[in-house]
1. Does anyone have the angle between helix 178-190 and the longest principal axis of the chain? Alpha-carbon axes, 0 to 90°, nearest 10?
2. How much length, in nm to one decimal, is gained on full extension between Ser64 and Trp32, taken as 0.36 nm per residue of separation minus their Cα-Cα distance?
3. Given a 1.4 Å probe and heavy atoms of the protein chains only, how would you sort Arg137, Arg3, largest accessible area at the top?
4. Give the accessible area for Ser139 in Å² (nearest 10); use a 1.4 Å probe, count only protein heavy atoms, and leave out ligands, DNA and RNA.
5. Relative to the Cα centre, what is the charge dipole magnitude of the chain, using +1 at the beta carbon of each Lys and Arg, -1 at the beta carbon of each Asp and Glu, and rounding to the nearest 20 debye?
6. In nm, give the distance between the simple-model label positions of Arg181 and Ser12, each being 7 Å from the Cα along the Cα-to-Cβ direction.
7. Roughly speaking, what % of Cα-Cα pairs in segment 46-191 are separated by over 18 Å, rounded to a whole number?
8. Give the peptides 95-101, 116-122 in descending order of average Cβ contacts within 10 Å, highest first.
Amino acid sequence: GVRLAIALWSASLPLARTPQLDSGQYLAWAGWIADGSHAWQQPIIQGPGYPYFLAGLLWIAGGSLTTVAIFQAVLGAISCSITTALGSRWFGVTAGMAAGLLQAVHGPLAFVETSLYCEGLLLFLMLLSTYVFATRRASTRGVVMSGILIGAAAIVRATALAQLAVYIPVLLLESPGWRVRLRRAAAMAIA
């Protein structure tokens, strides 16, 4: 509800109607992608993941920036649910609920997640990767899926690869047998 309220409220702001700086660049790049040109016209300073995601959302939304903001608000709400699930798993239900609620009402994060910035998609992919890793790392399929999600996040912003610096050591220390450890770590890194 918080994110939907912010998405609808901010739709009337001049900054949302005429995106500037990074938002403007993402919107321009998404427009070129939608027109069939996948090349960025200037030196690339951002990853291509969000412009492609935005182009898809704009196509689905018929070009409506408000609809894009609403869709991103839903993605942000799912991120809050993932945070709740992770917090509950690691620290108990009370802590999980508190973490999810705090994330839900965090104003700057909610604004970023409903605006034309890559961070909302990045956070969603990284949280989903963490959830898959926490719940499914005992299987090779879970490790590969977590690696794919990190890869998708890295296409949005390359710094997402830092998650591998946490996941790989856990796999190397936790899996039974050194061959299984190496195979799982390699599968995640390749994915």
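1. The answer is roughly 10 degrees.
2. Numbers: separation 32, 0.36 × 32 = 11.52 nm, distance 1.62 nm.
Difference between extended and current length: 9.9 nm.
3. On the way: Arg137 65, Arg3 10 Å².
These residues rank, largest area first, as Arg137, Arg3.
4. The accessible area of Ser139 comes to roughly 50 Å².
5. The dipole of the chain has a size of about 760 debye.
6. Modelled inter-label distance: 6.0 nm.
7. The share of Cα pairs beyond 18 Å in segment 46-191 comes to 60 percent.
8. Numbers: 95-101: 16.4, 116-122: 21.9.
Highest-to-lowest ranking by the protection proxy: 116-122, 95-101.
The values are calculated or read from the model by the stated rules, or taken from the named source; none is laboratory data. None of these values were measured; they are calculated from a predicted model. All Cβ positions, glycine included, derive from the backbone under ideal geometry; neighbour counts span all protein chains shown. SASA here: full protein model, heavy atoms, side chains in, ligands and nucleic acids out. Shrake-Rupley method; radii C 1.70, N 1.55, O 1.52, S 1.80 Å.
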